[in-house]
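Notes follow once the structure below has been shown.
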Amino acid sequence: MTLANDTLLRALRREPTPYVPVWLMRQAGRYLPEYAALRERAGSFMALATTPSLATEATLQPLARFPLDAAILFSDILTIPDAMGLGLSFAEGEGPRLAHTVADERAIAALAAPDPARLRYVFDAVSQIKRALAGRLPLIGFAGSPFTLACYMIEGRSSPDFATVRKLAFARPDLLERLVAVNAQAVADYLREQINAGADVVMLFDTWGGLLSPPAYRRFSLDPMRAILARIPPHVPTIVFSKGAASALAAIVESGASCVGLDWTVDLADARVRHGARVALQGNLDPLALLTDPATVQHAAAALVQAAGPAPGYIFNLGHGIVPATPPENVAAVVAAVHAASRAMSLPHDDRPATLPRSSGNRAPP
Ligand code: CP3
């Protein structure tokens, strides 16, 4: 089915669009008062995420407020460890907690990809969201990267440095390798089911890959993500976001993903010149810019659109998720500014014959 707004899908294929599509990591979440009310009604984050009708409502909330160009499934990356039996919970105002960890040889040897039936609620949410969207916008499905999942599975909660994981990478690389291989299998199965249920795009969130040395990043984070990407049907666009992994950008570009997400430490203009002919790029406004005021936000967003330049294959996003203290009016300002600034740059669009060969479509920014 063709979508009423397919700018995201076109940009992911590096085809021209009339304006730069925009969506925001964590676009559904605590910065929205209606999200806080919904979570209250659900009783807990897990009740919200495991009830397809409520997950659908949460997914649609930001779309009712802002003219975003994509929906993203409301769920969490830790659904997979939960389905493996590790017992996920979220205490109010705290991060995730796993009741069981898998830090030793026995626990890692016993681990297997979960029965997909235990994740049925996610696939049901995807189908319900697709029905509710009724062809208006594409739906992004997602999963955590094998390494980022391993971080939580080993330590059981968030950590500033995941020291136990990094030590294990040196002490018992064989164990960490086995753990990420099981996760890669689980994530590939999971994303394929999301696609079967209707996800138009899938994204891998590798929040902690940037903690690793370059060789460890390739072995424990990038290689397992490549294995997953190889199992995604070729017609489905894919996005990989490895936070803090700018030094590995050239390797990520070769991973097989359609699009690479950038955090705010990366020079967008430079990345577009170097890599824009091979992959679409997504990013990368510092989410803390959204703690200022609409005028400041507009200026910062327009500057990034300029930095990305007029060539196809750019998707506006933040460099990481929206923080809870963000005023919703600043989100409205960023979305409007991206659309206005990119329309003003007058991208070449469909009705015009493509005058440039594909490879030279990636001009340096003015
Ligand atoms: O982007 C979206 O709108 C879709 C929903 C989404 C959530 N989590 C909902 C959520 C997505 C894509 C995620 C991914 C996720 N979850 C990541 C990768 C991206 C990133 O932010 O780095 C990670 C590391 C997690 C694990 C996780 N879940 C943490 C560390 C926390 C607590 C901290 C926080 O940001 O709130 C969560 C909880 C969570 N996941 C909330 C939401 C809306 C808040 C829960 C609440 O209502 O209290």
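The values are calculated or read from the model by the stated rules, or taken from the named source; none is laboratory data. Computed from a predicted model, the values in this text were never measured in an experiment. When we count neighbours, we look across all protein chains shown, and the Cβ atoms used for this are built from the backbone with ideal geometry, even at glycine. Note: accessible area is taken over every heavy atom of the protein model, side chains too, but ligands, DNA and RNA are not part of it. Shrake-Rupley method; radii C 1.70, N 1.55, O 1.52, S 1.80 Å.
Structure above, values below:
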quantity: Tally, over segment 42-66, of residues that are in contact (Cβ under 8 Å) with a residue 40 or more places away in the chain, away from the ligand (no atom under 12 Å from the Cβ) and either of a type in the set (D, E, K, R) or not in a loop (DSSP other than H, G, I, E, B) (or both); calculated: 5
quantity: Residues of segment 199-216 satisfying the condition of being open to solvent by 20 Å² or more (accessible area, probe 1.4 Å) and touching a strand residue (DSSP E or B) at 6+ places or on another chain (Cβ under 8 Å); calculated: 200, 205, 207, 210
quantity: Residue in segment 275-288 that is part of a helix (DSSP H, G or I), surrounded by fewer than 21 Cβ atoms within 10 Å (Cβ to Cβ) and over 20 Å from the mean Cα position of the chain (by Cα) present; calculated: no
quantity: Residues (in contact with a helix residue (DSSP H, G or I) (Cβ under 9 Å, 6 or more places away or on another chain) and near the ligand (Cβ under 10 Å from one of its atoms)) located in segment 142-158; calculated: 142, 143, 144, 145, 148, 149, 151, 152, 158
quantity: Any chance residue 260 is in contact (Cβ under 8 Å) with a residue 60 or more places away in the chain and surrounded by 16 or more Cβ atoms within 10 Å (Cβ to Cβ); calculated: no
quantity: Test: residue in segment 19-31 that is touching a residue at least 24 places away in the same chain (Cβ under 8 Å) and in a helix (DSSP H, G or I); calculated: no
quantity: Enumeration of residues in segment 75-84 that are assigned to a loop (DSSP other than H, G, I, E, B) and farther than 15 Å from residue 146 by Cβ; calculated: 75, 76
quantity: Residue check, residue 70 touching a strand residue (DSSP E or B) at 6+ places or on another chain (Cβ under 7 Å), of a type in the set (A, V, I, L, M), at pLDDT below 95 and within 11 Å of the ligand (Cβ to nearest atom); calculated: no
quantity: Residues being at positive phi and assigned to a loop (DSSP other than H, G, I, E, B) - total across segment 85-116; calculated: 2
quantity: Qualifying positions in segment 217-256 - outside any helix (DSSP H, G or I) and in contact with a strand residue (DSSP E or B) (Cβ under 8 Å, 6 or more places away or on another chain); calculated: 232, 236, 237, 238, 239, 240, 241, 242, 243, 245, 255, 256
quantity: Where a residue in segment 92-112 is closer than 25 Å to residue 38 by Cα and its partner, wherever it lies, is of a type in the set (Val, Ile, Thr) and assigned to a strand (DSSP E or B), with Cβ under 8 Å and at least six apart; calculated: none
quantity: Every pair of residues 6+ apart whose Cβ atoms lie under 7 Å, when the first sits in segment 231-243 and is open to solvent by 20 Å² or more (accessible area, probe 1.4 Å) while the second is assigned to a loop (DSSP other than H, G, I, E, B); calculated: 243/207; 243/263; 243/320
quantity: Out of 14, 39, sole residue that is outside any helix (DSSP H, G or I), farther than 21 Å from residue 190 by Cα and at pLDDT 95 or above; calculated: 14
quantity: Among (1) over 18 Å from the mean Cα position of the chain (by Cα); (2) within 13 Å of the ligand (Cβ to nearest atom); (3) at pLDDT 95 or above, the one test that residue 93 misses; calculated: (3)
quantity: Positions within segment 75-88 being more than 11 Å from the ligand (Cβ to nearest atom) and either within 21 Å of residue 40 (Cα to Cα) or open to solvent by 20 Å² or more (accessible area, probe 1.4 Å) (or both), in sequence order; calculated: 82, 84, 85, 87
quantity: Close pairs from segment 287-315: first closer than 14 Å to residue 276 by Cβ, partner in a helix (DSSP H, G or I) and open to solvent by 30 Å² or more (accessible area, probe 1.4 Å), Cβ under 8 Å, at least 6 apart; calculated: 312/10
quantity: Members of segment 305-326 found to be part of a loop (DSSP other than H, G, I, E, B), away from the ligand (no atom under 14 Å from the Cβ) and either open to solvent by 10 Å² or more (accessible area, probe 1.4 Å) or under 14 Å from residue 337 (Cα atoms) (or both), listed by number; calculated: 310, 312
quantity: Residue 161 vs. criteria outside any loop (DSSP other than H, G, I, E, B) and open to solvent by 20 Å² or more (accessible area, probe 1.4 Å); calculated: no
